[in-house]
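Reading through the C-alpha cells given below for one structure.
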Amino acid sequence: MAKKKKRSLPGRLADGLLSTMDAMLDGIASAGVGLLRLLTRLVLLTLKGMFLLLRGIVLVVTWPARAIFRLVTGSDLRAEQCSRLTGVEFEDYAADVLRGNGYRHVEMTAGSGDQGVDILCTRGGRRFAVQCKNYAGAVGNFAVQEAYAGMQYYDCDVAVVLCPGTFTSGARELAEATGVLLWDGKTLTRMMRRSGRRPHHRRQAGKV
C-alpha cells in the first residue's frame, strides 16, 4: 500500500488562508444581501410616507375649494324639499347628508324593531343614534323618548332627533333634560348645503 504523501507546512497554510478568505467572502455576501434588503424596505417606506404626506397636503390645500364648491352647488337646498320623500327615503337621504358632513360608519338599522333609532354613525370618537322624523307638523316629545331609549339600547354616546321642520316645546324641554340633540329644519338645511346632496326618490323594483 502506497504511503500518503504529507503536505508541506506552506501548503497547509495556503489552504487555511484560502478557506478563511472563502468564509469571509461568504459573510460579506450575506451581509450585502441583508443590507440591500434593508435599504429596499427603507426606500419603500420612505416612498409610502412621502405619498401619504403629499396626499394629506393635497387634501388640506384643496379643502377650501371643495367646501366652497359644495356650498355653491347646494345653495338652493332647503329642508322643506324633504317633504316629498317617504319615511324610508328620508332616512336614506339623511344618511347621505351625514356622510357628506364627515360622519363615518353610517349604517341604517333594521327598520321594524329598530328600537327608536334609524341611523347609527360615528364622529369625533363618539357614536350617534339618530331618529329621523319626516313630519309635516312639529315633532313631539315621543320622538325624544325613542331616541334616548335607542341610544342606550345601541350603546351610543349621543342621541339625535332629525326632522325637516320644528319641534314642540315639550320635545325641547325633554331634550334639554335628557341631553338629546334636536336637529330641526334650519340645522338640516345647513347640513344639506354643506354636503351638496340632493333629496332623491328611491328607484322602485322593476322600473328604470
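The values are calculated or read from the model by the stated rules, or taken from the named source; none is laboratory data. These figures come from a predicted structure and were not determined experimentally. Virtual Cβ from ideal backbone geometry, glycine too; neighbours counted across all protein chains shown.
Number of residues in the range 169-180 that are surrounded by fewer than 20 Cβ atoms within 10 Å (Cβ to Cβ) and either of a type outside the set (S, T, N, Q) or modelled with pLDDT under 95 (or both) equals 6. Residue pairs whose Cβ atoms lie under 8 Å apart, sitting 6 or more positions apart in sequence or on different chains, and linking a residue in the range 29-47 that is in contact (Cβ under 8 Å) with a residue 40 or more places away in the chain to a partner that is surrounded by 10 or more Cβ atoms within 10 Å (Cβ to Cβ) and among the charged types (D, E, K, R), do not occur here.
In this structure, does LEU120 turn out to be farther than 14 Å from PRO164 by Cβ and surrounded by 15 or more Cβ atoms within 10 Å (Cβ to Cβ)? Judged against the criteria, LEU120 is a match.
Table: residues versus (1) within 19 Å of ASN101 (Cβ to Cβ); (2) crowded, with 16+ Cβ neighbours inside 10 Å; (3) touching a residue at least 60 places away in the same chain (Cβ under 8 Å).
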{"residue": "ASN134", "(1), (2), (3)": "yes, yes, no"}
{"residue": "ALA147", "(1), (2), (3)": "yes, yes, no"}
{"residue": "TYR153", "(1), (2), (3)": "no, no, no"}
{"residue": "PHE167", "(1), (2), (3)": "no, yes, no"}
{"residue": "LEU182", "(1), (2), (3)": "yes, yes, no"}
{"residue": "LEU188", "(1), (2), (3)": "yes, yes, yes"}
{"residue": "MET192", "(1), (2), (3)": "yes, yes, yes"}
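Taking into account only those residues within the range 78-89 that are assigned to a helix (DSSP H, G or I) and in contact (Cβ under 8 Å) with a residue 60 or more places away in the chain, which is nearest to GLY185 (Cα to Cα)? Step by step, filter the range 78-89, then rank; the result is ALA79.
For the range 113-135, the criterion of a residue being more than 23 Å from GLN152 (Cα to Cα) and at pLDDT below 90 is satisfied by at least one position. Taking only the range 100-112 into account, find how many residues are surrounded by 15 or more Cβ atoms within 10 Å (Cβ to Cβ) and closer than 15 Å to ARG123 by Cα. Summing the residues that are surrounded by 15 or more Cβ atoms within 10 Å (Cβ to Cβ) and closer than 15 Å to ARG123 by Cα in the range 100-112 gives 4. Scanning the range 55-79 for residues that are over 22 Å from VAL117 (Cβ atoms), at pLDDT 70 or above and in contact with a helix residue (DSSP H, G or I) (Cβ under 7 Å, 6 or more places away or on another chain) gives LEU77, ARG78. Once the range 103-123 is narrowed to residues that are part of a loop (DSSP other than H, G, I, E, B) and in contact with a Gly (Cβ under 9 Å, 6 or more places away or on another chain), the residue that is nearest to ARG190 (Cα to Cα) is ASP118.
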